[in-house]
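Worksheet: one structure, shown below.
The values are calculated or read from the model by the stated rules, or taken from the named source; none is laboratory data. Worth saying up front: this structure is predicted, and the values here are computed from it rather than measured. Neighbour counts are summed over all protein chains in view; Cβ atoms, including those assigned to glycine, are modelled from backbone coordinates with ideal geometry. Calculation scope for accessible area: heavy atoms of the full protein, side chains included, ligands and nucleic acids excluded. Shrake-Rupley method; radii C 1.70, N 1.55, O 1.52, S 1.80 Å.
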Amino acid sequence: MDVQNGGKTVCIALAEVEKYYRFSRCCHWLQNEIMQKESSPLFAADIITELKRQFAFLSGGRGQDGSPIIIFPEFPSFCEIGDQEFRNVLTYLTSIPSLSAAGVGFIVVIDRRRDRWTCLKATLLRISGWFPANLRLVLVLRPSAILQRTFSDVFFKLHRDDFKVPVLMLSSVADLHSYIERSQLTQELGGSQYYCHKTWISHRTDLESFAALVKRMAQRLQVFGREMAETELPNNLLTAGNLLNAHTSRKDRLKEEITGALSQGRKLLENIREPVRRDPDSSLNPDQLENLATVHRLLSQLNESSTAFDEFWIQHQNKLELCLKLCQFEHSFQQLQTELEQATETLNSFSDVGISPAQTEHLLQELTNHEKKVCEVLDRVRSVVAEGQGLIDGSQNVDDSVAVKCSELQKARENLIQELKDKKTMLTQARELHKKLEMVCKWCDDGIYMLASQPLDKCQSQEGAESALSELEFYLETANEKELWEISTVWLEYESILNNELREHVKRAFEKKASLEEMFEKRRVSLKKLAAKQTRPVQPVAPRPESLSSPAHREHENICISEDSDSRVSCKEVNFDQVDRSSRNASVSEEEETLAVLRRHVMNELLETERAYVEELMCVLQGYAAEMDNPSMAPLLPAALQNKKDVLFGNMQEIYNFHKRIFLKELETYTDCPELVGRCFLDWMRELQIYEKYCHNKPRSESLWRQCSDCAFFQECQKKLEHKLGLDSYLLKPVQRITKYQLLLKEMIKYSKGCEGSVELQAALSSILGILKAVNDSMHLIAITGYEGNLGDLGRLLMQGSFSVWAEHKRGHVKVIELARFKPMQRHLFLHEKALLFCKRREESGEGYEKAPSYSFKQELSMAAIGITETAKGDSKKFEIWSSSRDEVYTVQAVSEEVKTIWVTEIRKLLTGQLEAYKEARQQKAPEQFTSENSSTNRKNESRNLRSGGVEKQKTEEERGKELENILEPGMTQRAKGASFSFETKPKRQDIRSDPTPLGWTKGSLSLDASVEHDGYFSAEEQVTSDPEEEKEDKLCEDELQSMKIEEEIQLSEETEDPEE
């Protein structure tokens, strides 16, 4: 029998069909047997209360003709029994005997020896009025009291006709024995039969419970068997496995239930046989024998059904397992087919044989690596083919499609092996060709060098000429020894691998060889002439061999042979222009290949270090960070590390996730085109900014590490990881990695000049340097102390650096020259979008990161209220920053003209932005407040002006705009006339650091500053919070300041008042 399974056809054996029909028939018989036993609508458990009252019971005895006996024992409250209760008990009792016994008719024995006639009459009337079965005879033991006996005799005769059943009134038990044998009567009726009503009820409930259990089992077996027979075979591996597991689980549960039912039936048999086991001389009554036979039949039918189910299950299981194997084979076939196609496509990509030995060797190495991967696939193909052949040989129910697919896989395997062999042979031949071409070129170069190195002075004699001639002929013979074949041999032997480029290489090599042979022939002719002549020797001028460093660097040679000692000198000039031109072309090609190899080398280093970096981060996170949450390591964790995982590791988890899931995979896509890797950096430059957060947290991490570096927790983790270095070395890895990128990009740029991705590489380098600069700037910014405002409100930090600063402040109508005019103050400036901060650098005490410098806040100038003079008298490295009212002028000296230029450019860009905003607002005639912030400088200026009596109104937007025009437009005019400042000539921001301090710090440095600056003094009144040492020095110079002449002050004020000077 064939069953369609998706695209496959599975043959179902006839034996399985036969097993199913046998199993189904057993279940049907079992259900019929139980249905016969369940003809009564009542069960003992349903009327257990009524049965326990024992007003009537089935003793198991039989009359002389086999009639079942129902006994109504003495029951004084019989009249109180309800009709429904009476009917339920009689209905149940009459349903227990077999159909054959019940067909004979029942005998009812009523024992009323201690009762009255009225009760007896009521019992007879109730029985005669309703009896659910054939009632053959009613035997009554009448009351034994004299009066009640008399009443019974009299009234029975009077009311005989009222009873519709045959009734016999008996005076004693002896009379009863004449109708029923004593062995069939209970001991209460003078018989010998043992009867226990409680045991009888227990047997009945157990028997009926067992029958119900067997019925349920039969139904479940039949349902499950039908489901198995009607199961549609799946067409995929997962569904087939799940189906087999589900059916196996259901089968196991059913078998457990069957085993339990069989055990329950055997226990019931033992209970029924209990009287015989207790008294071997006793025997079971007919009802007990019927119960025994019923249980035997049920057990037999259940056993037979279980056996039939097992046989059918084996067939079904074999079918499902075969289906699973077919699905597994199909899945493996599809997977291998895809892998074989991919392997073939990859193999087809090896169409080039390389234009240089290095490239061919690289291709051959890549092919060898690919061959290792292909061998794994081929081994799996062989295994799957063997598996399919095993399915064919082991089962007759497998169709021909398996054999077809095995044949396809075997054929694809053989084709792939052959293609791999052909590719390898092709590249091996190309390598041999390149080696031979190198040998030809080397032979030619050595020959040229030999020609140029021959001592021509010795060739003037016959002996010398013959010696040189022998040397030439000997060298020509080495060509045969080295198997230097002709070009026609190359065309014939390597025709299958020769492409246009290789053909050009071969042509150039053999043209060089032909040219050399021509030179050899000319030299040989000349030497033969010399050997044949007897001439007076002349001293010729020959090139010195030691002056010829290499044949590759010579453009041409002149070989002069003297034939006449007086006037005639025969000069044979050998021109190698054509050979050298070919050599130059080959050199260019080899140079390009060398650069490509170097690019791949840099790319390999980038990938290898990236993988190692990701692996190191994973080790730290799993070996240290995860262990901090490990309950077993909790006793080793010091209190200082409790809940400090985020402080110690920062956002290392975020960095790891980015590199593991994204960046490493993206870098690997550029393996074959390393010159384009700059695009990868540009695409993910925003995500690389997560390193700023890590660097910001590094000081806190270092401080925490120093507190707990010697704890047992870190030692145990390091021991488990088998690390030679401590955790602090690995915490520095992210800082080292972000710095490493710019070094690798610089190397890649060096080897990618003129390539397609060189622009992207340069842009990526600039962006990486921008990130390093931003990290560097932010590391300085977080070290500022004493600033009461929110640094975030000042806008983005544009630049920062150290400068020498002189300060001037106006007092009334006179400008006062401060001490700083003579001795500069060393200040660290932070240029934000909205303000310029002056800070003093301080070196903190401590070790490691704790020794990092900090910056004490000194002064803030709002960018909305300052101007700039690009040049200051005396030094080209100086520029001036002044407040709008010219009350404060700061002369700033940079370390170089470049640093000054970029700072002036950045400040001018900010002021230009303010001017454009003003002009736009004026055009729209919608006045807006240019800035809502007043710096501490403006407030203090206002305070000083009020004290001097000069009340100054707040500048309006229009006034500020005119002021910006006065500041900027002269500067633009000046630049147009040839000033030194120029937007076109300004250096790139990333080329000039905001601070000369490099980013790459060591473990013991936080601020990235490598130099230590000397502090100056800052004494501007009411605007700068001076340090005690500064105030002391100001006091010492106060007398000198007061003795200065007012005229000199006014003159100096006039010189510096005009910002255009």
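Are there any pairs, at least 6 apart or on different chains, whose C-beta atoms fall under 6 Å, with the first in the stretch 765-787 and more than 16 Å from His832 (Cα to Cα) and polar (S, T, N, Q) and the second in a helix (DSSP H, G or I) and open to solvent by 30 Å² or more (accessible area, probe 1.4 Å), and if so, which?
Hits for this filter: Ser766/Gln990.
If I go through the stretch 54-85 residue by residue, how many of them are surrounded by fewer than 14 Cβ atoms within 10 Å (Cβ to Cβ) and of a type in the set (D, E, K, R)?
Total meeting the criteria: 3.
Select, from Asp287, Asp252, the only residue that is of a type outside the set (Phe, Trp, Tyr), under 30 Å from Thr49 (Cα atoms) and not in a loop (DSSP other than H, G, I, E, B). It would help to see each step written out before you state the result.
Details: Asp252 fails: under 30 Å from Thr49 (Cα atoms).
The conditions single out Asp287.
This table checks each residue for (1) open to solvent by 30 Å² or more (accessible area, probe 1.4 Å); (2) outside any strand (DSSP E or B); (3) of a type in the set (Ser, Thr, Tyr); (4) modelled with pLDDT of 50 or more.
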{"residue": "Tyr890", "(1), (2), (3), (4)": "no, no, yes, yes"}
{"residue": "Thr901", "(1), (2), (3), (4)": "yes, yes, yes, yes"}
{"residue": "Glu906", "(1), (2), (3), (4)": "no, yes, no, yes"}
{"residue": "Leu911", "(1), (2), (3), (4)": "no, yes, no, yes"}
{"residue": "Leu915", "(1), (2), (3), (4)": "no, yes, no, yes"}
{"residue": "Glu933", "(1), (2), (3), (4)": "yes, yes, no, no"}
{"residue": "Gly949", "(1), (2), (3), (4)": "yes, yes, no, no"}
{"residue": "Glu952", "(1), (2), (3), (4)": "yes, yes, no, no"}
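Working only within the stretch 218-240, note down all residues that are surrounded by 14 or more Cβ atoms within 10 Å (Cβ to Cβ) and either closer than 22 Å to Gln328 by Cα or touching a Leu at 6+ places or on another chain (Cβ under 7 Å) (or both).
Ala218, Arg220, Leu221, Phe224, Met228, Thr231, Leu233, Pro234, Asn235, Leu237, Thr239, Ala240, listed by residue number.
Considering (1) part of a helix (DSSP H, G or I); (2) touching a helix residue (DSSP H, G or I) at 6+ places or on another chain (Cβ under 8 Å); (3) at pLDDT 90 or above, say which one Gln736 fails and leave the rest.
(2)
What do you reckon, is Lys121 surrounded by 16 or more Cβ atoms within 10 Å (Cβ to Cβ) and closer than 30 Å to Gly265 by Cβ? Before the answer, list the steps.
Values: surrounded by 16 or more Cβ atoms within 10 Å (Cβ to Cβ): yes; closer than 30 Å to Gly265 by Cβ: no.
Considered against the rule, which asks whether it is surrounded by 16 or more Cβ atoms within 10 Å (Cβ to Cβ) and closer than 30 Å to Gly265 by Cβ, Lys121 comes out as no.
Go through (1) in contact with a Ser or Thr (Cβ under 8 Å, 6 or more places away or on another chain); (2) assigned to a strand (DSSP E or B); (3) buried (at least 21 other Cβ atoms within 10 Å of the Cβ) and name the single condition Ser854 misses.
Status for Ser854: all satisfied but (3).
Working carefully through the options Gly394, Gly354, Gly388, find the one that is over 32 Å from the mean Cα position of the chain (by Cα) and at positive phi.
Residue meeting the stated conditions: Gly354.
One residue is enough: does the stretch 362-369 have a residue meeting the conditions under 30 Å from Ala240 (Cα atoms), touching a helix residue (DSSP H, G or I) at 6+ places or on another chain (Cβ under 9 Å), loosely packed, with under 15 Cβ neighbours inside 10 Å and polar (S, T, N, Q)?
Scanning the stretch 362-369, I find no residue that is under 30 Å from Ala240 (Cα atoms), touching a helix residue (DSSP H, G or I) at 6+ places or on another chain (Cβ under 9 Å), loosely packed, with under 15 Cβ neighbours inside 10 Å and polar (S, T, N, Q), so the answer is no.
Please tell me if Glu592 is modelled with pLDDT under 90 and either exposed (fewer than 14 other Cβ atoms within 10 Å of the Cβ) or more than 30 Å from Asn643 (Cα to Cα) (or both).
Answer is yes for this residue.
Restricting the search to the stretch 398-410, which residues are surrounded by fewer than 20 Cβ atoms within 10 Å (Cβ to Cβ) and either touching a strand residue (DSSP E or B) at 6+ places or on another chain (Cβ under 6 Å) or under 16 Å from Gln328 (Cβ atoms) (or both)?
Answer for the stretch 398-410, where residues must be surrounded by fewer than 20 Cβ atoms within 10 Å (Cβ to Cβ) and either touching a strand residue (DSSP E or B) at 6+ places or on another chain (Cβ under 6 Å) or under 16 Å from Gln328 (Cβ atoms) (or both): Asp399, Ser401.
Taking helices (runs of 4 or more DSSP H) that do not extend beyond the stretch 640-732, which have at least 3 residues that are touching a residue at least 24 places away in the same chain (Cβ under 8 Å), among the basic types (Lys, Arg) and open to solvent by 50 Å² or more (accessible area, probe 1.4 Å)?
Values: elements: 645-649, 652-658, 664-668, 678-683, 690-708, 712-721, 727-731.
Of the helices (runs of 4 or more DSSP H) lying wholly inside the stretch 640-732, those with at least 3 residues that are touching a residue at least 24 places away in the same chain (Cβ under 8 Å), among the basic types (Lys, Arg) and open to solvent by 50 Å² or more (accessible area, probe 1.4 Å) span 690-708.
Take the conditions touching a helix residue (DSSP H, G or I) at 6+ places or on another chain (Cβ under 8 Å) and open to solvent by 50 Å² or more (accessible area, probe 1.4 Å) and apply them to Lys746. Does it pass?
It is true that Lys746 is touching a helix residue (DSSP H, G or I) at 6+ places or on another chain (Cβ under 8 Å) and open to solvent by 50 Å² or more (accessible area, probe 1.4 Å).
May I ask you to list the residues in the stretch 97-112 that are out of contact with any Cys (no Cβ under 9 Å at 6 or more places or on another chain) and either crowded, with 19+ Cβ neighbours inside 10 Å or assigned to a strand (DSSP E or B) (or both)?
Pro97, Phe106, Ile107, Val108, Val109, Ile110, Asp111
When the residues of the stretch 123-180 are narrowed to those that are charged (D, E, K, R) and assigned to a loop (DSSP other than H, G, I, E, B), which ends up farthest from Ser67 (Cα to Cα)?
Only one residue fits best here, namely Arg142.
Answer yes or no as to whether Glu477 is of a type in the set (D, E, K, R), at pLDDT below 85, assigned to a helix (DSSP H, G or I) and more than 21 Å from Val506 (Cβ to Cβ).
Yes; evaluated as a whole, the condition is true for this residue.
Those residues that are open to solvent by 40 Å² or more (accessible area, probe 1.4 Å) and within 21 Å of Leu289 (Cβ to Cβ), I need them from the stretch 259-275; list them, please.
Once the filter is applied, which keeps residues that are open to solvent by 40 Å² or more (accessible area, probe 1.4 Å) and within 21 Å of Leu289 (Cβ to Cβ), the stretch 259-275 yields Gln264, Arg266, Lys267, Glu270, Asn271, Arg273, Glu274.
Rundown of residues vs (1) part of a strand (DSSP E or B); (2) at positive phi; (3) out of contact with any Asp or Glu (no Cβ under 9 Å at 6 or more places or on another chain); (4) surrounded by 16 or more Cβ atoms within 10 Å (Cβ to Cβ), yes/no style:
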site: Gly754; (1), (2), (3), (4): no, yes, yes, no
site: Val759; (1), (2), (3), (4): no, no, yes, no
site: Ala764; (1), (2), (3), (4): no, no, yes, yes
site: Ser767; (1), (2), (3), (4): no, no, yes, yes
site: Gly770; (1), (2), (3), (4): no, no, yes, no
site: Ala774; (1), (2), (3), (4): no, no, no, yes
site: Ser778; (1), (2), (3), (4): no, no, no, yes
site: Gly789; (1), (2), (3), (4): no, no, no, no
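Give me the residue from the stretch 241-252 that is at pLDDT 90 or above and open to solvent by 60 Å² or more (accessible area, probe 1.4 Å) and, out of that set, nearest to Tyr195 (Cα to Cα).
Looking at residues that are at pLDDT 90 or above and open to solvent by 60 Å² or more (accessible area, probe 1.4 Å), I get Asp252.
Within the set of pairs 6 or more residues apart or between chains, which connect a residue that is over 15 Å from Gly225 (Cβ atoms) inside the stretch 293-311 to a residue that is crowded, with 17+ Cβ neighbours inside 10 Å and of a type in the set (Gly, Ala, Ser) with Cβ atoms less than 6 Å apart?
Val295/Gly265; Leu299/Gly265
Only one of these is farther than 30 Å from Glu495 by Cβ and either of a type in the set (D, E, K, R) or assigned to a helix (DSSP H, G or I) (or both): Glu345, Glu330. Name it.
Result: Glu330 is the single residue among Glu345, Glu330 that is farther than 30 Å from Glu495 by Cβ and either of a type in the set (D, E, K, R) or assigned to a helix (DSSP H, G or I) (or both).
How many residues are within 11 Å of Val775 (Cα to Cα), more than 21 Å from the chain's Cα centre (by Cα) and hydrophobic (A, V, I, L, M, F, W, C) if we restrict to the stretch 676-707?
Selection size over the stretch 676-707: 1.
Could you grab me the full set of residues in the stretch 182-211 that are farther than 12 Å from Ser59 by Cβ, without any contact (Cβ under 8 Å) to a residue 40 or more places away in the chain and open to solvent by less than 50 Å² (accessible area, probe 1.4 Å)?
Gly190 - this is the single residue of the stretch 182-211 that is farther than 12 Å from Ser59 by Cβ, without any contact (Cβ under 8 Å) to a residue 40 or more places away in the chain and open to solvent by less than 50 Å² (accessible area, probe 1.4 Å).
Scan the stretch 864-877 for residues that are surrounded by 19 or more Cβ atoms within 10 Å (Cβ to Cβ) and touching a residue at least 60 places away in the same chain (Cβ under 8 Å) and report the count.
Residues flagged as surrounded by 19 or more Cβ atoms within 10 Å (Cβ to Cβ) and touching a residue at least 60 places away in the same chain (Cβ under 8 Å) within the stretch 864-877 amount to 7.
Quick test of your reading of the structure: Ser39 fulfils all but one of (1) modelled with pLDDT of 60 or more; (2) in contact with a Ser or Thr (Cβ under 8 Å, 6 or more places away or on another chain); (3) exposed (fewer than 15 other Cβ atoms within 10 Å of the Cβ). Name the failing condition by number.
Just one mismatch for Ser39, condition (1).
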